[in-house]
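Asker: Mind looking over this structure? Questions follow.
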Amino acid sequence: MNEDPFQNKKPGQEQLEVRVEVAKPEDLEAYKNIRIESVTLNPEAFGLTLERALSKTDDDWRAELSGDKKFFVLAVSGTDVKNAKSIAGAFKGLEEGVWRVIAVYTKPEFRKRGISERVLSKVLEEISKRGGLKAVLTVTDRPEQEAARALYKKLGFKEGVPSENDVTPAFRLFLEKNLDNQRDAG
């Protein structure tokens, strides 16, 4: 786990130390809990449905935390490792060097503190370590996703054109980021 304290962005908030790490199979409870919360509170933002999430077995969830073609990053605070504050993940796409960023979510009470930025930065770093050349994602073009779109832009994502292998619904924006510079910096 990366041990770097996080300084709050809002005056008057208590300082919150957050560790950002690639989730492992033993992080099952934290991973499962935040994924179920995300599709419960913001179902329009995710491909996973609540019905599907609730039907998964622990082995199904654990399998998502294993292997080299998919990973998730969690932000946890203090000793409460079963209660992640933020999550994002990625999986290897069909095209060589392309990874799809998925499941970006931060608990409402921890938003606007820079946690999502740290989690996504770790995801991009991990994609690059795994040989990825480009990260892509889709985000809804709805007002409630404005903060997410601003974060993606801040991290260098730009509107792109989906490949023929990528089906992006009309109400979603396709964003991409080349990671050549990421690899050089890391």
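Asker: Pop the C-beta distance of Lys70 and Lys112 into the FRET formula with R0 = 22 Å and round what comes out to the nearest 0.05.
Answerer: That gives a FRET efficiency of 0.15.
Asker: Can you tell me how the range 12-77 classifies by the Cα gyration tensor, rounded, prolate or oblate, using a/c under 1.5 as the rounded cut?
Answerer: Judged from the Cα gyration tensor, the range 12-77 comes out oblate (a/c at least 1.5, b/c at or above a/b).
Asker: Label points 7 Å out from Cα along the Cβ direction at Ala150 and Leu50: separation in nm?
Answerer: Going by the 7 Å Cα→Cβ label model, 2.8 nm.
Asker: Students often check this: by mean Cβ neighbours within 10 Å, which of 47-58, 150-161, 111-122 ranks highest, and how do the rest follow?
Answerer: Descending packing order for the listed peptides: 111-122, 150-161, 47-58.
Asker: Under 16 Å from a point 7 Å along the Cα-to-Cβ line of Glu164: which residues of the range 61-95 have their amide N that close?
Answerer: 94-95
Asker: Okay, next question. What shape does the range 18-185 have by the C-alpha gyration tensor, where a ≥ b ≥ c are the square roots of the eigenvalues, rounded means a/c under 1.5, and otherwise prolate means a/b greater than b/c and oblate the rest?
Answerer: Rounded shape, in that the Cα axes give a/c under 1.5.
Asker: Now for a separate question. Can you run phi through the Karplus equation (6.51, -1.76, 1.60; θ = phi - 60°) for the range 38-48 and list ³J(HN,Hα) in whole Hz, with x for Gly and Pro?
Answerer: My calculation for the range 38-48 gives 4, 7, 6, 7, 9, x, 5, 8, 10, x, 6 Hz in order.
Asker: Express in nm, to one decimal, how much length is gained between Asp60 and Phe91 on full extension, taking 0.36 nm for each residue of separation and deducting their alpha carbon distance.
Answerer: Extending this stretch completely gives an extra 9.6 nm.
Rule-based calculations on the coordinates, nothing more; no lab input. This one's a predicted model, so the numbers in the text were calculated from it and none came from an experiment. Cβ: placed from backbone, ideal geometry, glycine included. Neighbour counts: every protein chain shown.
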